[in-house]
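Worksheet: one structure, shown below.
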Amino acid sequence: MNKTLLLILFAALIVGAAFLAISRDWQAPMVKLTDAAYVNHSVIAAATDNRGLGEICYYLDGEIDGQSCVNTAGATSYELTVDLSELVDGAHEVCVVVEDANPYFPNRVNQCQSYVLDKVAPKAVLESATRYMQRGGGAAVFVSTPERETNIRLTVGDHQFRFVSNEEGTRHFAVFAHPHDVEVADFKPMVEIEDLAGNIRRLLIGTVTKDRTFSKDILNIPHAFIEKKSLEMLNKEGAGKEAFLEMNRTTRIENRAKIKTLLSSAQSREPLWNGAFYRNLGAPKAQHAEHRTYLLDKVEIDQQTHYGIDIAGLAKMPIKAANDGVVIFAEYLGIYGNCVIIDHGGHVYTMYAHLSQMDVSPGQTVSNGQDLGRSGNTGMAGGDHLHYATYINDIPVEPSEWFDPAWLQTRIDDIYKDFKSAE
Ligand SMILES: [Zn+2]
């Protein structure tokens with residue numbers, strides 16, 4: 001009697017344990033649907049289960065009878081693409097039902113999400129653009145996007161130029177460049193307008209560009225220059241080719257990377273300039289995008305490109321802001337020495353390098369002709385001169401264009417005027 005009871009109890013325990021083993025070790029599968037309000041062709045359901053998945057089914061707009069299923073064959077993760085491309089644009093609900101592979105007590109998860117299906121690329125109109133430009137120079141474009149919330153960008157190959165947009169986000173103005181190292185045949189400035197669903201409209205800007213040559217120079221580097229600049233720039237006693245290359249290559253790359261980061265992340269401002277840019281006084285000493293070969297003891301040791309122009313006037317002469325703007329940088333920066341950068345809005349910047357003295361600080365508003373400091377020979381400068389550069393976004397461009405009132409009016413300001421007046 002007691003024995004039978006014990007046996008029954010024992011059997012019940014085994015069955016119970018087996019039941020727990022099969023059911024409790026199986027956790028419900030996890031499923032994640034595309035996390036976006038707008039989609040343009042499909043939704044992805046990503047399902048996972050650490051002990052394996054069973055069937056995954058989906059149905060649209062509540063029509064559970066019309067559901068489609070796939071067998072995942074016990075995979076621990078599976079991505080199901082729910083194709084919506086046959087549906088009409090508008091609001092739709094996507095539901096997925098995911099089972100795990102438990103043969104006796106499958107766990108089931110049901111998840112639904114609503115989307116707005118939009119398969120149409122946003123409307124965009126290229127309202128006006130500069131007609132002619134030159135390699136190494138600048139131009140402007142005005143685009144309108146009458147419809148919905150969009151993201152607009154301008155690309156030239158791998159380079160990006162940012163827009164300034166009106167409050168409604170329907171009108172957009174950008175200054176862009178033909179970078180000096182892009183061949184005329186490869187110069188295809190493109191505006192891309194992307195809507196919330198990911199549809200992209202592409203507009204090719206028809207600005208005609210003209211090829212040009214850039215100057216070349218050969219520089220003899222005195223040993224005394226390397227020793228002096230090693231102390232100043234690297235804070236160590238250096239001499240010869242290695243010390244020179246550390247400054248002219250490594251430091252140059254670091255300094256340019258810092259400027260690129262600063263300019264490509266600077267806040268977006270409407271153009272602040274007012275008329276032609278002021279050219280500081282002095283004789284022109286080097287041109288923009290000049291190719292330089294460096295000789296040490298008559299042997300070639302390096303080649304670099306010079307971005308900007310050199311102007312030599314009186315020693316320690318006052319250096320003036322080329323136009324209205326906001327100072328965004330004023331500190332010692334390697335090859336550039338004491339360096340001031342002004343943001344003129346519209347993603348246009350000017351740089352003043354090798355200064356002996358800086359009288360402005362970041363955040364300060366400056367006006368055309370205002371003193372920024374004094375010229376000098378800090379950084380990679382042999383003698384007192386101003387290194388002056390103009391940037392469109394993070395691309396250095398030909399500064400002399402901006403000194404010319406007729407060029408500025410017809411190539412940039414007329415386009416900006418259209419942007420401001422078009423209603
Ligand atoms: Zn220079």
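The values are calculated or read from the model by the stated rules, or taken from the named source; none is laboratory data. In this text, all values refer to a predicted model and were calculated from it rather than measured experimentally. Don't worry about glycine lacking a Cβ; one is built from the backbone with ideal geometry, like all the others, and counts go over all protein chains shown.
For the range 396-403, does any single residue satisfy the condition of being surrounded by fewer than 19 Cβ atoms within 10 Å (Cβ to Cβ), at negative phi and more than 16 Å from the ligand (Cβ to nearest atom)? Within the range 396-403 (the criterion being surrounded by fewer than 19 Cβ atoms within 10 Å (Cβ to Cβ), at negative phi and more than 16 Å from the ligand (Cβ to nearest atom)), the answer is yes, since at least one residue qualifies. Among the residues of the range 140-158, those identified as assigned to a strand (DSSP E or B) and within 19 Å of the chain's Cα centre (by Cα) are A140, V141, T150, N151, I152, R153, L154, T155, V156. Filter the range 298-315 down to residues that are within 17 Å of P222 (Cβ to Cβ) and in contact (Cβ under 8 Å) with a residue 60 or more places away in the chain and give me whichever is farthest from the ligand (Cβ to nearest atom). Once the filter is applied, the top-ranked residue is K298. Checked across the range 193-203, the condition of being free of Cβ contacts under 8 Å to residues at least 24 places away in the same chain and more than 18 Å from G137 (Cα to Cα) holds for at least one residue. Against the condition crowded, with 20+ Cβ neighbours inside 10 Å and either at pLDDT 95 or above or touching an Asp or Glu at 6+ places or on another chain (Cβ under 8 Å) (or both), how does V340 come out, does it pass? So V340 passes the test. V340: among the β-branched types (V, I, T) and more than 16 Å from the ligand (Cβ to nearest atom), yes or no? The answer is no for V340.
Does R374 count as more than 14 Å from the ligand (Cβ to nearest atom) and buried (at least 21 other Cβ atoms within 10 Å of the Cβ)? In short, no. If you go through the range 343-366 and keep only what is away from the ligand (no atom under 15 Å from the Cβ), within 20 Å of A177 (Cβ to Cβ) and not in a loop (DSSP other than H, G, I, E, B), you end up with D343, V348, Y349. Take the residues in the range 377-392 that are near the ligand (Cβ under 10 Å from one of its atoms) and part of a loop (DSSP other than H, G, I, E, B), then tell me which one is nearest to I311 (Cα to Cα). Top of the filtered list is A381.
Within the range 327-355, residues that are over 12 Å from M380 (Cβ atoms) reach partners that are among the basic types (K, R) with beta carbons closer than 6 Å, at six or more positions or on different chains, in the pairs G345/R269; H347/R162.
For the range 160-169, the condition holds for at least one residue, the condition being that it is in a strand (DSSP E or B) and either of a type in the set (F, W, Y) or touching a Pro at 6+ places or on another chain (Cβ under 9 Å) (or both). Just name the residue that is farthest from the chain's Cα centre (by Cα) out of those in the range 285-297 that are away from the ligand (no atom under 11 Å from the Cβ) and in a strand (DSSP E or B). Within the range 285-297, the match that is farthest from the chain's Cα centre (by Cα) is L296. Within the range 58-105, the set of residues being touching a residue at least 60 places away in the same chain (Cβ under 8 Å) and either surrounded by 13 or more Cβ atoms within 10 Å (Cβ to Cβ) or assigned to a strand (DSSP E or B) (or both) comprises V94, V96, V98, E99, D100, N102. In summary, Q113 fulfils each of the numbered conditions (1) within 22 Å of the chain's Cα centre (by Cα); (2) in a strand (DSSP E or B) with the single exception of condition (1). Looking at G313, G325, just one residue is small (G, A, S), out of contact with any helix residue (DSSP H, G or I) (no Cβ under 7 Å at 6 or more places or on another chain) and either surrounded by 19 or more Cβ atoms within 10 Å (Cβ to Cβ) or assigned by TED's automatic domain parsing to the domain that holds A139 (or both), and that residue is G325. Note on the range 315-342: residues that are farther than 24 Å from M233 by Cα and part of a loop (DSSP other than H, G, I, E, B) total 4.
Here P122 fits the description: assigned to a loop (DSSP other than H, G, I, E, B), in contact with a strand residue (DSSP E or B) (Cβ under 8 Å, 6 or more places away or on another chain) and crowded, with 19+ Cβ neighbours inside 10 Å. Looking at G363, G382, G334, which is the one that is out of contact with any Asp or Glu (no Cβ under 6 Å at 6 or more places or on another chain) and modelled with pLDDT under 95? The unique qualifying residue is G382.
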